[in-house]
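Notes follow once the structure below has been shown.
The values are calculated or read from the model by the stated rules, or taken from the named source; none is laboratory data. Please read all numbers here as calculations on a predicted model, not as lab measurements. Ideal geometry is used to build each Cβ from the backbone, glycine not excepted, and the neighbour counts take in all protein chains shown.
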Amino acid sequence: MAQPEKKDAQGFTADERAAMKERAKELKAEARANKNREEGERDVLAKIAEMQESERAMAQRIHEIITASAPDLAPRTWYGMPAYAKDGKIVCFFQSAEKFNTRYATLGFSDPANLDDGAMWPTAFALMALTAAEEERIAALIKKAVS
């Protein structure tokens with residue numbers, strides 16, 4: 001297992017600073033060019049293509065599940081990760097394990113996702129592999145998130 005990266009005096013690792021810089025570039029691009037769906041999809045697919053093979057296959061399949069389950073979600077990148085937005089707000093995202101040197105990939109949901117279930121519910125799911133059961137659960141979560 002990799003050693004955790006040391007944080008600088010401001011409390012951010014080099015990976016975290018790189019993600020913030022990437023997000024700043026994304027915001028500038030969005031402001032300059034009122035991105036359309038095709039450009040967002042191109043950006044997401046380019047990010048997926050940069051991933052290690054094991055995570056690339058998982059991210060590609062999750063992309064397919066999300067776009068099939070919620071075609072109204074707009075693909076875009078968010079802090080350098082594949083993400084999907086509704087009305088300009090990120091609903092869900094895929095974070096590869098490699099991104100922040102963690103032991104598992106993550107499918108995460110932001111607060112616009114309609115996953116509320118009582119006073120407490122999960123907003124992120126660890127992913128080690130995708131089987132038919134996980135794919136079915138992801139599709140159901142995505143449909144609920146955009147309902």
Does A133 fit the bill of being loosely packed, with under 14 Cβ neighbours inside 10 Å, in contact (Cβ under 8 Å) with a residue 12 or more places away in the chain and of a type in the set (A, V, I, L, M, F, W, C)? no
Would you check which residues across segment 108-147 are assigned to a loop (DSSP other than H, G, I, E, B) and touching a Leu at 6+ places or on another chain (Cβ under 8 Å) and list them? L115, W121, P122, T123, V146
Being touching a residue at least 40 places away in the same chain (Cβ under 8 Å) and small (G, A, S) is the filter here, so list the residues in segment 86-115 that pass it. S96, A97, A105
Has segment 41-52 got at least one residue that is crowded, with 16+ Cβ neighbours inside 10 Å and farther than 21 Å from A19 by Cα? no
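Would you check if P71 is out of contact with any helix residue (DSSP H, G or I) (no Cβ under 6 Å at 6 or more places or on another chain), at pLDDT 95 or above, farther than 14 Å from A139 by Cα and assigned to a loop (DSSP other than H, G, I, E, B)? Talk me through it step by step, then tell me what you get.
Details: out of contact with any helix residue (DSSP H, G or I) (no Cβ under 6 Å at 6 or more places or on another chain): yes; at pLDDT 95 or above: yes; farther than 14 Å from A139 by Cα: no; assigned to a loop (DSSP other than H, G, I, E, B): yes.
No.
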